[in-house]
Amino acid sequence: MVAIMDASKVGNEWIFVVRDPHAKENVYMSTVPCESTFCYQIAFKTLTEQGFTITAIVGDGKVAVSWLFKGIPSQMCHFHQKQIVVRCITLNPLLPAGVELLAIIQTLTKSTEAKFTLRFTDWCVKWDSFLKEKSLNEKTGKYAYTHRKLRSARDSIKRHLPILFTFERYPELHIPNTTNSLDGSFTKIKNSIGIHAGLAHEQKMKMVRTLLGGKV
């Protein structure tokens, strides 16, 4: 089974879910304090003990799944990678370097690993000196990188690049390149809770478990 793993805050609770995107079924769910490596480890152990064989994992990058489950192919969600970059540089970057990086990340879902890596690497080389610029902070009297958000966007892509195209390297596993299948389940739950805002907490959680337990 290819496993999409993620957690989302539903009301006042965090729900951790594992979904089989091919069967369109959620196979594991648990209420957790927050999203952490422990959630992933417990879910993996539980599913393994139940007889599941996890052939690949798809996540949003909040937990270093490739490090946590060595030997199992890991795929970083393209949608979440784009979101990370946009949060750093916005959809309307003012700097030419930001405009170029936005154009590159917008091609992520349509690119091959070779093409995307080449474009991103060329961008890094072109703007290397620019990204090393520092400015004096008059309040602290210390120098800091001038383009911190742009550097953060670059560093995020660098960090996730080895797992952005896992699906391409394992075509036989049919790995999704996004967590959209599971995100749809979370959206359905949140919309349902919004409609039934007057329900007591226990009733809300019962509804959540019911919705997550079915094929969606």
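Overview of values
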{"read-out": "Coordinate range along principal axes, alpha carbons of segment 78-161, Å, largest first", "value": "45, 23, 22"}
{"read-out": "Of Lys70/Lys126; Lys62/Lys149; Lys70/Lys110; Lys9/Lys70; Lys82/Lys142, pairs whose Cα-Cα distance is over 30 Å", "value": "Lys70/Lys126; Lys82/Lys142"}
{"read-out": "Estimated translational D of segment 1-92 in µm²/s (Stokes, Kirkwood radius over Cα pairs; 25 °C; 0.890 mPa s)", "value": "176 µm²/s"}
{"read-out": "Descending semi-axes in Å of segment 26-152, equivalent ellipsoid built from Cα gyration tensor", "value": "36, 20, 13"}
{"read-out": "Estimated distance in nm for a label pair at Tyr143 and Lys110, the labels positioned 7 Å out from Cα along Cα-to-Cβ", "value": "4.1 nm"}
{"read-out": "Relative contact order [Cα under 8 Å, 6+ residues apart], segment 78-161, whole percent", "value": "33 percent"}
{"read-out": "Two-site label geometry, Glu168 and Arg151: point separation in nm, points 7 Å out along Cα→Cβ", "value": "2.9 nm"}
{"read-out": "Segment 140-161 residues near the modelled Asn92 label - backbone nitrogen below 19 Å, point 7 Å along Cα→Cβ", "value": "150"}
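Only the coordinates and a few stated rules stand behind these numbers; no lab work does. None of these values were measured; they are calculated from a predicted model. Because the Cβ atoms are built from the backbone with ideal geometry, glycine has one as well, and the counts that use them run over all protein chains shown.
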